[in-house]
Amino acid sequence: MEFEPRIVAFFCNWCTYTGADLAGVSRLKSPANIRVIRTMCSGRVDPSFILKAFDLGADGVLIGGCHPGDCHYTEGNYKALRRIHLLKKMLQSFGIDEKRLRLEWISASEGDVYQHVATEFTQSIRSLGPLNWKQRVEKRSTSEHAVAV
Amino acid sequence: MVTLKIDDKEVQVAEETSILKAAEKAGIWIPTMCYSDLFEPYGVCRLCSVEVIRGKRSRIVTACNYPVREGITVQTNSPKVQWIRKLLMELTLSRWPNVKVVKDMAARLGVEKPRIESLEKDEAENACILCGMCVNVCREVVKASVLGFESRGIKRKVVLPFGVQSDTCIVCGACALVCSTGHIKMVLEDYKGKKPEFTLGPKTSIYVPTMQGIPRVPVIDAESCIHFKTGGCEACAKVCEPNAINYEMKDEIEEIEVGQILLTTGYDIFDASKMTQFGYGRLDNVYSSLEFEMMLSSMGPTGGKVLTKDGKEPRSIGIVHCVGSRDTNHNPYCSRVCCMYALKFAHLVSDRTDAEIYQFYIDMRAFGKGYEEFYVRILDEGVKVIRGKVAEVSEVTSSGENTNQLIVRCEDTLAGKILEVPFDMVILCNAIEPRKDADAIRRLFSISKSPDGFFLERHPKLDPTSTMSDGIYIAGCAQGPKDIPDTVAQAGSAAARILSYISKGEVEIDPVRAWIDEKYCAGCRICNNLCPYTAIDFIDEKKISQVNDVLCKGCGTCVAACPASAITGKGFSDAQIYAELEGLLEI
């Protein structure tokens, strides 16, 4: 059977979540691999959520926020941007390809953009293959390499 | 009061009134060519010469600047006066034989052909007759004193100082306005398309912005008003009987505290000059829909008459639909109202003129109540409708010269033919576009926009008037192109929503808030600066931070940032999100 990636998405309530909803209402076909968690703002996305998701078996994580300058909470998306940049550097040292984490600005009216991003991201994760991070970590005999999350 | 006799009529006027004014009151005409109520009498044309008899003495004076005296008798048409006037008129006519005001006055005074041949004969129709009105209006009314006389006698002429353009000239046009021969002209350059109300011609600095507006009061455009430039003029204040003109008024910024805001910022029309093939802004007689609407208005620049640029009634009018809308190069959406107002134009034009009317449409969208019936009625009135997008509007040139004849080139998709139809006037149905400053407005209120740039509603079907921001509502074309009934319906619904909150007296807020656990807060103050609403205060006595529940909007930025995990986002706590993650990734 072909590998079907498991992708966790954190979407902000005002832009990307509504945009993804619009994609559905507009009957735009998008991959079922994306499992969405709604947060009020992309600024709410704690980097630990992302690590936890990888730990629990996610193959990719997608963060969706409002376009710069359009944040419902003025500047939460900028906070998210800062954190994701830092986290990407950290992911490399954990042995996770930074392509598995993606931040996208999708507004409430961009159902088609959501469709495009979701399809493309799923495709890129599919070509990267399964992550199996937990198993990889557990394989290592020494416990000090394990990441406490 | 002074009593005097003018041509056997007894007149009573105030002291120091001029004879000319007194005669006017008595209904007696005295010819003038340099007099105006706007400034002090100049007395240069001498045509108002009258005979004043005081006791046994009689003398000739100029009526415009000679004050009345008790008991004088004035003869305005005695043989002596007639002789003087005729001689003056002969001199004037011999020098400027083709100027209309001179010819008219000569005819009125019975002068046909001058006996004198002038050495300085000027045969131009718009020659300067040296009446000095321009010089006087510039000095006394405008208070700019740009124009003046040069030389004396036969060499006299009106000039700018040293013959160069003056910095003090404010280009008000007062000199051109008073010039009776057309010697001074205002040339309007590059005014088309700047403001829709200007495109059909210039207007005054004091005007009523919209005739149907409430309150219907005039406004002064301080940028072009003479008074605000030189301190002069005040012509409007002089004629305003209730003294309502106030030059001291200033623009004010008032701050009003409100709980809810309805955004009805409207729309802009598509700038048709972007589609150069239609010739808007380049060809005369190609109008935007808004300009044509102005022309149809009985209070508009033509008083509701449909006229081409050269003032003639058009024989044929072409109406081009979908200019900038339903066009992937500009706006992909349908502007909704154009089909119906284009039909309305056709109806009004056929009411007022005998012009043949053509409509060039893509699809006729008569979507509302009674609209289809109106369309059928227009067809019955003989309006020709052609299905096809117009390719080009061009001007017919004959032997290298442009005529005012326009040609519309298009394909009739129903007949499968290429058409070229001649018109005297072409009206473009410009697309409805979001306001130029819509982005700035929407950021101010932190609401979103649709891909077309209009404000985004909370839900397209279930909540079309409110937005993602609580207390901010939208209505009308700010939300998307729509006609008047739809706008009224949407605005009414928004107003009802707003009123329901007001009558309730209290507002329910979302329970999604951040909460700081005092036990774990280390007082690092990282969250203080992160909060965009400054909802987190640092309590100095306790050395901890605290969330103000009223200010907090529940975005959770602080929750994610807290290094001690002391902040909980109610409704979106860490535990809840972890549980969600576990559930999602179970399979």
Among strands (runs of 3 or more DSSP E) entirely within region B:28-110, at least 2 residues that are crowded, with 21+ Cβ neighbours inside 10 Å occur in B:49-54
Selection from region A:97-112 of residues that are part of a loop (DSSP other than H, G, I, E, B) and surrounded by 21 or more Cβ atoms within 10 Å (Cβ to Cβ): A:Ile106, A:Ser107, A:Ala108, A:Glu110
Within 25 Å of B:Glu457 (Cα to Cα) and more than 8 Å from every other protein chain (Cβ to nearest Cβ): which single residue out of A:Asp112, A:Asp59 fits that description? A:Asp112
I'd like to verify a number: residues in region B:465-483 that are more than 14 Å from chain A (Cβ to nearest Cβ), farther than 12 Å from B:Thr265 by Cβ and in contact with a Gly (Cβ under 9 Å, 6 or more places away or on another chain), how many? 2
I want to confirm something. Restricting to region B:556-585 and keeping residues that are within 16 Å of A:Cys41 (Cα to Cα) and touching a Leu at 6+ places or on another chain (Cβ under 6 Å), which single residue is surrounded by the most Cβ atoms within 10 Å (Cβ to Cβ)? B:Thr557
For A:Ala53, work out the one condition from (1) within 11 Å of chain B (Cβ to nearest Cβ); (2) over 18 Å from B:Asp574 (Cα atoms); (3) touching a strand residue (DSSP E or B) at 6+ places or on another chain (Cβ under 9 Å) it doesn't fulfil. (2)
Which ones in region B:343-376 are small (Gly, Ala, Ser) and either closer than 19 Å to B:Pro434 by Cα or in contact with a helix residue (DSSP H, G or I) (Cβ under 8 Å, 6 or more places away or on another chain) (or both)? B:Ala346, B:Ala355, B:Ala366, B:Gly368
Enumeration of residues in region B:427-462 that are among the hydrophobic types (A, V, I, L, M, F, W, C), within 14 Å of chain A (Cβ to nearest Cβ), touching a residue at least 24 places away in the same chain (Cβ under 8 Å) and under 17 Å from B:Asp268 (Cα atoms): B:Ala438, B:Ile441, B:Phe454, B:Phe455
Go over the candidates B:Ile516, B:Ile526 one by one and state the one that is in contact with a helix residue (DSSP H, G or I) (Cβ under 7 Å, 6 or more places away or on another chain), within 25 Å of A:Tyr78 (Cα to Cα) and either free of Cβ contacts under 8 Å to residues at least 60 places away in the same chain or assigned by TED's automatic domain parsing to the domain that holds B:Asp470 (or both). B:Ile526
Considering only region B:256-295, state which residues are under 13 Å from B:Leu428 (Cα atoms), among the aromatic types (Phe, Trp, Tyr) and either touching a helix residue (DSSP H, G or I) at 6+ places or on another chain (Cβ under 8 Å) or surrounded by fewer than 19 Cβ atoms within 10 Å (Cβ to Cβ) (or both). B:Phe278, B:Tyr280, B:Tyr287, B:Phe292
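Residue-wise test of (1) under 46 Å from the mean Cα position of the chain (by Cα); (2) modelled with pLDDT of 90 or more; (3) of a type in the set (Asp, Glu); (4) farther than 28 Å from B:Asn126 by Cβ.
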site	(1), (2), (3), (4)
B:Arg54	no, no, no, yes
B:Thr62	yes, yes, no, no
B:Arg69	no, no, no, yes
B:Trp83	no, yes, no, yes
B:Leu88	yes, yes, no, no
B:Ser94	yes, yes, no, no
B:Pro97	yes, yes, no, no
B:Lys103	yes, yes, no, no
B:Glu112	no, no, yes, no
Pull out all pairs, ordered by first then second residue, where Cβ-Cβ is under 7 Å, the residues are six or more apart or on different chains, the first lies in region B:566-587 and is more than 7 Å from chain A (Cβ to nearest Cβ) and on the phi > 0 side of the Ramachandran plot, and the second is of a type in the set (Val, Ile, Thr) and surrounded by fewer than 18 Cβ atoms within 10 Å (Cβ to Cβ). B:Gly571/B:Val512
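Table: residues versus (1) under 28 Å from A:Ser127 (Cβ atoms); (2) within 14 Å of another protein chain (Cβ to nearest Cβ).
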{"residue": "A:Ile63", "(1), (2)": "yes, yes"}
{"residue": "A:Cys66", "(1), (2)": "no, yes"}
{"residue": "A:Tyr73", "(1), (2)": "no, yes"}
{"residue": "A:Gly76", "(1), (2)": "no, yes"}
{"residue": "A:Ala80", "(1), (2)": "yes, yes"}
{"residue": "A:Lys88", "(1), (2)": "yes, no"}
{"residue": "A:Gly95", "(1), (2)": "yes, no"}
{"residue": "A:Glu98", "(1), (2)": "yes, no"}
Just give me the residues in region A:22-35 being surrounded by fewer than 17 Cβ atoms within 10 Å (Cβ to Cβ) and part of a helix (DSSP H, G or I), in sequence order. A:Gly24, A:Val25
Quickly run through region B:1-27 and pick out the residues that are within 21 Å of B:Trp83 (Cα to Cα) and assigned to a strand (DSSP E or B). B:Ile6
Collect the residues in region A:18-43 that are within 23 Å of A:Gly57 (Cβ to Cβ), more than 9 Å from every other protein chain (Cβ to nearest Cβ) and not small (Gly, Ala, Ser), keeping them in residue-number order. A:Pro31, A:Asn33, A:Ile34
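The values are calculated or read from the model by the stated rules, or taken from the named source; none is laboratory data. These numbers were taken from a predicted model, which means no experiment stands behind them. For neighbour counting, all protein chains shown are included, and Cβ atoms are generated from backbone atoms with ideal geometry for every residue, glycine included.
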